[in-house]
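Input: one structure, supplied below.
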Amino acid sequence: MEATSGNTGIGMALLAASKGYECLVCMPEKMSEEKVNVLKGLGANIIRTRTEAASSDPDSHIMTCKKKAEEMAPNSLILDQYNNENNWKAHLETGQEILDCVDGKLDYVVIGVGTGGTLTGVAKSVKNSLPDCKIIGADPYGSILADPTD
């Protein structure tokens, strides 16, 4: 099970489907119907939560997932992408793949920010080889992390 905006949940649902496991995904209501349909197609069970709920709110997708895991213990596992250091470590290789594609010639990398795992892992890898490269985190349209009107 996982609290997700969709992409990690889709990866987990794909793995669960291939292994015959049950998959429970908790995600905010604002996430697209396309992601929901893919998750359903992969056999995932989905709990939608209030978009406005802060991560520490009992009604948030994160706290709902933790509550469900406690109810289902010991037969549950949360990867916890928001606090799992392997989230960003998995993207060290992604950064190297980018470097390999551009023969070490790179001025900027722009990455959409969700949990920050992709941005952090790629940035660490790229900056190790190209310390002057600028890393830019972009808040995707529809994100509740930043409000451009403020």
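Would you pick out the residues in the stretch 3-23 that are more than 11 Å from residue 61 (Cβ to Cβ) and touching a residue at least 24 places away in the same chain (Cβ under 8 Å)?
Hits for the stretch 3-23 are 7, 8, 10, 12, 13, 14, 16, 17.
Separate question: Criterion first (modelled with pLDDT of 95 or more and within 30 Å of residue 52 (Cβ to Cβ)) does residue 126 satisfy it? Before you say what the answer is, go through the steps one by one.
Details: modelled with pLDDT of 95 or more: yes; within 30 Å of residue 52 (Cβ to Cβ): no.
No; evaluated as a whole, the condition is false for this residue.
Take the residues of the stretch 44-93 that are among the β-branched types (Val, Ile, Thr) and within 29 Å of residue 20 (Cβ to Cβ): which is modelled with the lowest pLDDT? Even if it seems obvious, please write down each step before you answer.
If we filter the stretch 44-93 for residues that are among the β-branched types (Val, Ile, Thr), which is where we start, we get 46-47, 49, 51, 62, 64, 78.
Filter again for within 29 Å of residue 20 (Cβ to Cβ), leaving 46-47, 49, 62, 64, 78.
On the way: 46: 97, 47: 96, 49: 95, 62: 93, 64: 95, 78: 90.
Among those residues, the one meeting the criterion is 78.
Out of 31, 27, report the one residue that is in a loop (DSSP other than H, G, I, E, B), under 18 Å from the mean Cα position of the chain (by Cα), within 23 Å of residue 117 (Cα to Cα) and hydrophobic (A, V, I, L, M, F, W, C). Talk me through it step by step, then tell me what you get.
Details: 27 fails: in a loop (DSSP other than H, G, I, E, B).
None of the others qualify; the one that does is 31.
Please work out which residue is farthest from the chain's Cα centre (by Cα), limiting yourself to the stretch 50-76 and to residues that are among the hydroxyl-bearing types (Ser, Thr, Tyr) and closer than 22 Å to residue 14 by Cα. Working first, answer last.
As a first pass, look at the stretch 50-76 and keep what is among the hydroxyl-bearing types (Ser, Thr, Tyr): 51, 55-56, 60, 64, 76.
From the residues that got through so far, the ones that are closer than 22 Å to residue 14 by Cα too are 64, 76.
Details: 64: 16, 76: 19 Å.
Per the criteria, the residue is 76.
For residue 29, work out the one condition from (1) touching a residue at least 24 places away in the same chain (Cβ under 8 Å); (2) exposed (fewer than 15 other Cβ atoms within 10 Å of the Cβ); (3) touching a strand residue (DSSP E or B) at 6+ places or on another chain (Cβ under 8 Å) it doesn't fulfil.
Residue 29 satisfies all of (1) touching a residue at least 24 places away in the same chain (Cβ under 8 Å); (2) exposed (fewer than 15 other Cβ atoms within 10 Å of the Cβ); (3) touching a strand residue (DSSP E or B) at 6+ places or on another chain (Cβ under 8 Å) except (1).
Only residues in the stretch 84-99 that are assigned to a helix (DSSP H, G or I) count as the first member; pair them with residues that are basic (Lys, Arg) and modelled with pLDDT of 95 or more, Cβ under 8 angstrom, at least 6 apart or cross-chain, and list the lot.
Filtered contacts from the stretch 84-99: 88/124; 92/124; 95/124.
Just need a number here: residues in the stretch 1-16 that are out of contact with any helix residue (DSSP H, G or I) (no Cβ under 9 Å at 6 or more places or on another chain) and among the small types (Gly, Ala, Ser).
So the answer is 2.
The values are calculated or read from the model by the stated rules, or taken from the named source; none is laboratory data. Note that the structure is predicted; figures quoted are calculated from it, not measured. Please note: Cβ atoms are built from the backbone with ideal geometry, for glycine as well, and neighbour counts cover all protein chains shown.
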